[in-house]
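Worksheet: one structure, shown below.
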Amino acid sequence: MVESPEQQHPKKAFGWAARDSSGVLSPFKFSRRQTGKNDVRFKVLYCGICHTDLHMIKNEWGNSTYPLIPGHEIVGVVTEVGTKVEKFKVGDHVGVGYMAGSCQSCDSCSTNAANYCPKMIATSGDKYHDGTPTYGGYSDIMVANEHFVVRIPDSLPLDGAAPLLCAGVTAYSPLRYFGLDKPGMHVGVVGVGGLGHVALKFAKAMGLKVTMISTSPKKKEEAIENLGADSFLVSHDEGQMQGAVGTMDGIIDTVSAVHPLLPLVGLLKSNGKLVLLGVPDKPLELPVFPLLMGRKIIAGSIIGGMKETQEMIDFAAKHNITANIEIISIDYVNTAMKRLVKADVKYRFVIDIRNTLHV
């Protein structure tokens, strides 16, 4: 096998990586490929921290390989483009989310849904087409095929935009795909957290009535007064839940903990849709009879295709939507991971790569 020029002349890079399943991150020198003809190279300015990063560095899903540089909510400024790149130029603000590649030939790829491609390549902790590991955005530079790069409008703050590349499109996609985007519709959002607060913002910008649903009564004031929810339900309060039965067109469920689905299905109108975005570590009990009686749907969704991701970012810029973030330095990242386990953040950590990552 003849090596490509990109493989023959890699460029030095620097980041923070986990070396084993202890999940501890530390400085790491590595190489990025040369800028290929279809590639965009950019200086990383900010990178969001997603709960998936925590799963990956600790090998909680059993598929991690080390060293592993996490990070798939990556934004920065273009420093170089390949000879065949058409959509980007030096100086553009850009971002890369969860996807670094796909087969580009299957049904999913041909319908702008590469996120469901069986050969989808993750931005971090995966293998690229040439067999080299994909290293994520806890690093100083990124190189990506232009097809998997998103343009960030100048009006959108880069730090607050970073989490939208994962959390944002994960919330936006099911609202659009399942038709839960018509003004006046009533949508519930389960979980007032990193994903839930972004789902609320997109739903409100679409003109929806939004009810936040949580196990914690303490989050009511935050949800309504600070985040703009129309109403709030405590999921274990039978009276509150009973009072809302049959009132919602759809529910976006962002919770990854094991929780009962039956009460949520009860909140749906006939033909309502419950869309699961979280990944519980044990199977959930599926209540079939209530689905039959109301022709209700339980579905799942994960991130979004590239066309949809660009649409989401443009929509966010138009409606001034950003994530609520806490900016941290790279040397705080291990502490941030410990806090993330305890959900001790409102609502997403974002690493200031530009000012704190130094060789």
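Overview of values
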| quantity | calculated |
| --- | --- |
| Condition check for S124: in contact with a His (Cβ under 8 Å, 6 or more places away or on another chain), modelled with pLDDT of 95 or more and outside any helix (DSSP H, G or I) | yes |
| Of all residues making up the range 127-149, the number that are modelled with pLDDT under 95 and aromatic (F, W, Y) | 1 |
| Spans of helices (runs of 4 or more DSSP H) in the range 283-359 with at least 2 residues within 15 Å of the chain's Cα centre (by Cα), farther than 30 Å from V265 by Cβ and not basic (K, R) | 306-318 |
| Of all residues in the range 167-183 being part of a loop (DSSP other than H, G, I, E, B) and in contact with a strand residue (DSSP E or B) (Cβ under 7 Å, 6 or more places away or on another chain), the one that is surrounded by the fewest Cβ atoms within 10 Å (Cβ to Cβ) | F178 |
| Within the range 209-253, strands (runs of 3 or more DSSP E) holding 1 or more residues that are at pLDDT 95 or above and under 14 Å from A199 (Cβ atoms) | 209-214, 248-253 |
| Which listed residue, of P263, P287, P283, is modelled with pLDDT under 95, surrounded by 14 or more Cβ atoms within 10 Å (Cβ to Cβ), over 24 Å from A122 (Cα atoms) and of a type outside the set (D, E, K, R) | P287 |
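The values are calculated or read from the model by the stated rules, or taken from the named source; none is laboratory data. This is a predicted model, so every value here is computed, not measured. Virtual Cβ from ideal backbone geometry, glycine too; neighbours counted across all protein chains shown.
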